[in-house]
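Data block below; observations after.
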Amino acid sequence: MKKRISTLVLALMFTIVGIAGCVSPTLNSSKTKAKVYAEHGGNLISYYTENVYYSDKDQDIYIINPKLPSYGPSYTCGVVAGTNIVAWYNKQYSSLIPGHTAGQFGPPPFFQNTWGWTSTNSYINQLAQDLSDTMQETVEGVTIQDYTDGLDSYVSSKGQTFTSTSLMDNGTLDYEAVKTALESGQLLSVFVDGYTFALVSPKTGFDIIGNEEYAGLHVMAVYGYMEIEYYDGPNKIRHEKLLQVHTGFSGIHSMLRLNSWVTLHEVLITHIS
């Protein structure tokens, strides 16, 4: 539900990362590939902040509960995204990762309603290896088709059903469909060329938006959104659309800002039932 906000908003703490993710050289392929670069190496193009002043704003936020795990296996980003998606659904369908305990609620009295994911273990490592195999991962990464086929193959082998549905229409993202899918408890996968991670820091009468812009092809799992409409009196002066993602970098989470730097190749509902 949208809420009109004209005073200080509670800060939303989303991590901005300073390490690189998946990029790709020119490939002799008709398919889009994603490739791990090197952590701490970097393909960071720019960092900048913006002050957005307003008299009122509408802010709509939804984060799937529990949020996505933070597993960061040493594979290319398609496998990392797939690992966290399968691990998230393992909470509902224990057959997805045989022998693995998805997690548990924290102890009372303060954390009994707080879910904690099990730390990386041999089961998660095996899941990542299996997805690497079913996605036919190479050093260059995976194609979109390899990604969905690999998830389908793995999930089917565990007795569950995998479905993927595009939320793009002639190259344009249906953001309302994104919101509907997430609010119904379905995870998404986003395939981008260039990406901006953003931190929105609310102040009194203005927001500070910190941006880190990266070059290259990348795949991320999506589990939430944030939409902000800024007003100067009755006039809407700015409209921000963001996606809550597992960045694919060592288990770090952030907001993907859908700005002009980002080219969306595909956004898929990636659902397991």
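The values are calculated or read from the model by the stated rules, or taken from the named source; none is laboratory data. Nothing here was measured: the structure is a model prediction, and the numbers come from that model. Note that each Cβ is placed from the backbone with ideal geometry, even for glycine, and that neighbours are counted across all protein chains shown.
Restricted to the stretch 173-220, and to residues that are acidic (Asp, Glu) and buried (at least 16 other Cβ atoms within 10 Å of the Cβ), which residue is farthest from Val262 (Cα to Cα)? Please lay out each step first, then the result.
Let us first name the residues in the stretch 173-220 that are acidic (Asp, Glu), namely 174, 176, 183, 193, 207, 212-213.
Filter once more, so that each one left must be buried (at least 16 other Cβ atoms within 10 Å of the Cβ): 193, 207, 212-213.
On the way: Asp193: 6, Asp207: 21, Glu212: 12, Glu213: 9 Å.
Out of the qualifying residues, it is Asp207.
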Members of the stretch 165-189 that are touching a residue at least 60 places away in the same chain (Cβ under 8 Å), farther than 15 Å from Gly224 by Cβ and of a type in the set (S, T, N, Q): Thr165, Ser166
Selection count where residues are part of a helix (DSSP H, G or I) and either surrounded by 21 or more Cβ atoms within 10 Å (Cβ to Cβ) or among the polar types (S, T, N, Q) (or both), scope the stretch 120-153: 16
Among (1) under 28 Å from Tyr62 (Cβ atoms); (2) assigned to a loop (DSSP other than H, G, I, E, B); (3) modelled with pLDDT under 95 - the single one Gln186 does not satisfy: (3)
In the stretch 42-60, the residues that are aliphatic (A, V, I, L, M) and within 19 Å of Lys241 (Cβ to Cβ): Val52
Residues that are of a type outside the set (Gly, Ala, Ser) and under 20 Å from Ser184 (Cβ atoms), drawn from the stretch 221-255: Val222, Tyr223, Tyr225, Met226, Glu227, Lys241, Leu242, Leu243, Gln244, Val245, His246
Selection from the stretch 67-117 of residues that are in a loop (DSSP other than H, G, I, E, B), at pLDDT below 90, touching a helix residue (DSSP H, G or I) at 6+ places or on another chain (Cβ under 9 Å) and not small (Gly, Ala, Ser): Pro73, Tyr75, Thr76
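Scan the stretch 139-158 and give yes if some residue there is closer than 20 Å to His218 by Cβ, in contact with a His (Cβ under 8 Å, 6 or more places away or on another chain), modelled with pLDDT under 95 and hydroxyl-bearing (Ser, Thr, Tyr), otherwise no.
Residues of the stretch 139-158 closer than 20 Å to His218 by Cβ: 139-151.
Filter again for in contact with a His (Cβ under 8 Å, 6 or more places away or on another chain), leaving 144.
From what's left, modelled with pLDDT under 95: 144.
Checking the rest, the ones that are also hydroxyl-bearing (Ser, Thr, Tyr) come to none.
No, there is no match, as no residue in the stretch 139-158 is closer than 20 Å to His218 by Cβ, in contact with a His (Cβ under 8 Å, 6 or more places away or on another chain), modelled with pLDDT under 95 and hydroxyl-bearing (Ser, Thr, Tyr).
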